[in-house]
Amino acid sequence: MPRTGIWRTKSVEQSIADTDEPGSRLRKDLTAWDLTVFGVAVVIGAGIFTLTARTAGDLTGPSVSLAFVLAAIACGLAALCYAEFASTLPVAGSAYTFSYATFGEFMAWIIGWDLILEFAVGAAAVAKGWSVYLQTVLGYLFGDGVATSFRLGGLTVDWGALLLVVVLALLLIIGTKLSSRVSLVITSIKVAIVLFVILFGLFYIKSANYSPFIPPADEGTPGPSGVEQSLFSLLAGGTSSTFGVFGLLAAASLVFFAFIGFDVVATTAEETRNPQRAVPRGILGSLAIVTVLYVAVALVVTGMVNFRELATTTGPDGAPERKTLATAFSANGVDWAANLISIGALAGLTTVVMVLMLGQVRVLFAMSRDGLLPRALSRTGTHGTPVRATVLVSALIAFAATFFAADKLEEMVNVGTLFAFILVSAGVIVLRRTRPDLPRGFRAPGVPVLPILAILACLWLMLNLTVLTWLRFVAWMLVGVVVYFLYSRSRSVLGRRMAEEAESRR
């Protein structure tokens, strides 16, 4: 007997049938190669160019490579679950759509609201990083007087981030296939530069820089405490989560941000020609490639300089000065290589923002098609893309990236993504039991053991995020609950459909 009320589920068959609804049909242009490009495009960027160096300097020392391995294990377990779901239910919306078919409408809304946090805040955070690198590159070309932000009254306006979001929004409106081609060109450039970092950096490695591999917890100045330290460190009685074992675990939860994006591949399943084969290959292929590159870069950078030289410092204006990959090359007197890396980072972060925006638009599109958000947002234009949803998402991201600081945005994205991974992993177990008859283009091995391990790994990483991050996350979820009961529940297409069916049986 089907569930009703807020726990009503949308069948897999109905979800697939809705993809042919006139006026909101997406164009099927993408291949497995396109999806792999999207995955690598979004994942290689923030992690390598902005997180590796400062995480080593502030939290882990040389063991940052181990933090990447721990995060990759959790992602790999969740990726297998995503691959099964996406091959079974090739519909836009990713974890939102999967949850609608397994846990019901209310949980689907919660995860959709959560994905808004993941993709939109992630895109805004990376756009801020892109603007910083743009200022660096413009400084090479025109001198140090060029800035990508300016003061307007009491606000700091980041015109660099605004410019990026506007240009990418136009690309996404024109078509997903064009976006994939642009991603391929830019991704090729940044992968080449990442390989350059690894191979060229090998000549500057000093074995002494790897000792101590895990610096003691009392290394340097005392780290954050109270609500600024990790939840696990606080519960376990630690005084901070900087260096030592607590630092390593906290770093694994932070560098998890570097892997965010492979789940975006699942949001494009509806636009893929052969989703049963292409989506699993795109998800697992992109994750395997970037994991190898991340660990290699982390080992090279921490071998080139002592991790203390990568620590965040305070600038003359009191603002934090965070180190990047370029810092390691500058410290070894290879300034031209540092300049090349900055250009690569600029290119790399471009595709990260674009694919995160793509993921956000597709989630909003799926939620509006189900009536949980205004239905007008699900209308597609002449290019087969949801123009209205793209404009709305781009405007929100542009506003956040232009006027708000990027501090703590990475952790907010992490907690939202890990929550989504947990629900998707649990959903695989549920759908195996409730619908064993469904054709599955890919079957995750070892169910239910593998999804349970994925859930435990994600919970572990969530525990190592800061207390303040948890408080902000809970507040965001509570706002989502209010919006659902005040607006979405009464406008649900599924709810109205079930009410009409019940009326017809009377």
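The values are calculated or read from the model by the stated rules, or taken from the named source; none is laboratory data. Given the structure is predicted, the values throughout are model-derived calculations rather than measurements. Note: ideal-geometry Cβ built from the backbone for every residue, glycine included; neighbour counts use all protein chains shown.
A few remarks follow.
- Exclusive hit being assigned to a helix (DSSP H, G or I) and free of Cβ contacts under 8 Å to residues at least 24 places away in the same chain, set Gly139, Gly145: Gly139
- Screening Ser488 with (1) within 25 Å of Thr9 (Cβ to Cβ); (2) surrounded by 21 or more Cβ atoms within 10 Å (Cβ to Cβ); (3) out of contact with any Phe, Trp or Tyr (no Cβ under 7 Å at 6 or more places or on another chain) gives one miss only, at (3).
- Matching option when the condition is closer than 30 Å to Gly495 by Cα and out of contact with any Gly (no Cβ under 8 Å at 6 or more places or on another chain), among Ile111, Ile73, Ile174: Ile111
- Residue in the stretch 40-61 that is more than 16 Å from the chain's Cα centre (by Cα), under 25 Å from Leu373 (Cβ atoms), surrounded by fewer than 24 Cβ atoms within 10 Å (Cβ to Cβ) and among the basic types (Lys, Arg) present: no
- Residues satisfying the stated conditions in the stretch 295-324, i.e. modelled with pLDDT under 80 and surrounded by 16 or more Cβ atoms within 10 Å (Cβ to Cβ): Arg322, Lys323, Thr324
- Residue within the stretch 62-76 that is modelled with pLDDT under 85 and within 30 Å of Ala208 (Cβ to Cβ) present: no
- Filter result for Thr291 (closer than 12 Å to Gly57 by Cα, among the hydroxyl-bearing types (Ser, Thr, Tyr) and either part of a helix (DSSP H, G or I) or at pLDDT below 85 (or both)): no
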